[in-house]
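What follows is a single structure, written as structure tokens, with notes after it.
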Amino acid sequence: MKKTTIIDSRMTFAEATAGTKAPREIIDKLCLVDVRYRSIDGRLHQGQLVIHQEVKTDIVEIFALMERTEFPVFQIVPIVKYDWSDDLSMADNNTSAFNYRVVLGTNRLSNHAFGRAVDINPYFNPVIDEDGRFDPPGAVYVPGSAGTLDDSHPVVKEFLKRGWGWGGHFRPKRDYHHFDKSG
């Protein structure tokens, strides 16, 4: 019996980058990749990530690892679906990558602005401020539970092995859903 893959996103590159304020020199270095994953419903899904061409192999191979190990991902849809709102995407537990934006509270471009960062299950892997507040609001962080990342998780280890940084190591805020790789 053939297992059906549920398609969560089937955008073209033009659709996935429509309305971004990113300059052409950044857009020209991006690509759209299809990734398959086991969702929290236990079924196989396919979504899409907009990423920098130089990190494509890492992303494809890490998401293949996630599929093989049945690490559940809630959903993966380009953030254009949320009108480029990181807050709306995170509140919907959406895994995403490219978003031309600055680091919150600064005027410095985020690695997301270059397609060199990915956020995985932000509702299960929130940002935790030094005062204990969670972002997105209402999120939970229970290491060891399905879809959650921690230091011992194979997905975290694979990103680190490939030279990516992990937000779980950030201080004073911990950003458990965030991975990035500078160019």
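Taken over segment 154-167, the residue count meeting the criterion of being farther than 18 Å from His52 by Cα and touching a residue at least 24 places away in the same chain (Cβ under 8 Å) is 4.
The rows are residues; the columns are (1) more than 25 Å from Ile27 (Cα to Cα); (2) assigned to a strand (DSSP E or B).
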position: Lys81; (1), (2): no, no
position: Trp84; (1), (2): no, no
position: Asp87; (1), (2): no, no
position: Met90; (1), (2): no, no
position: Thr95; (1), (2): no, yes
position: Gly105; (1), (2): no, no
position: Ala113; (1), (2): no, no
position: Tyr123; (1), (2): yes, no
position: Asp131; (1), (2): yes, no
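Among the residues of segment 13-30, the ones that are free of Cβ contacts under 8 Å to residues at least 40 places away in the same chain and closer than 20 Å to Phe63 by Cβ come to 1 in all.
A search for C-beta distances below 6 Å between a residue of segment 125-149 that is within 21 Å of Gly165 (Cβ to Cβ) and any residue that is part of a strand (DSSP E or B) and of a type outside the set (A, V, I, L, M), counting only pairs 6+ apart in sequence or on different chains, returns Pro126/Phe134; Pro126/Asp135; Val127/Asp135; Val127/Asp175; Ile128/Phe134; Ile128/Arg174; Gly147/Pro72. Just wondering, is there one or more residues in segment 64-84 that are surrounded by fewer than 17 Cβ atoms within 10 Å (Cβ to Cβ), touching a strand residue (DSSP E or B) at 6+ places or on another chain (Cβ under 8 Å) and among the polar types (S, T, N, Q)? No: zero hits. Can you pull out the residues in segment 137-183 that are farther than 22 Å from Gly115 by Cβ, in a helix (DSSP H, G or I) and touching a helix residue (DSSP H, G or I) at 6+ places or on another chain (Cβ under 8 Å)? Pro154, the sole residue that qualifies. Among all residues of segment 76-87, there is none that is among the polar types (S, T, N, Q) and within 25 Å of Val155 (Cα to Cα). Taking Gly115, is it in contact with a strand residue (DSSP E or B) (Cβ under 6 Å, 6 or more places away or on another chain) and not hydroxyl-bearing (Ser, Thr, Tyr)? Against the criterion (in contact with a strand residue (DSSP E or B) (Cβ under 6 Å, 6 or more places away or on another chain) and not hydroxyl-bearing (Ser, Thr, Tyr)), Gly115 qualifies.
Throughout, read-outs are computed from the coordinates displayed, never taken from laboratory work. Remember, it's a predicted structure, so these values are computed and weren't measured experimentally. In this analysis, Cβ positions are derived from the backbone assuming ideal geometry, glycine residues included, and neighbour counts consider all displayed protein chains.
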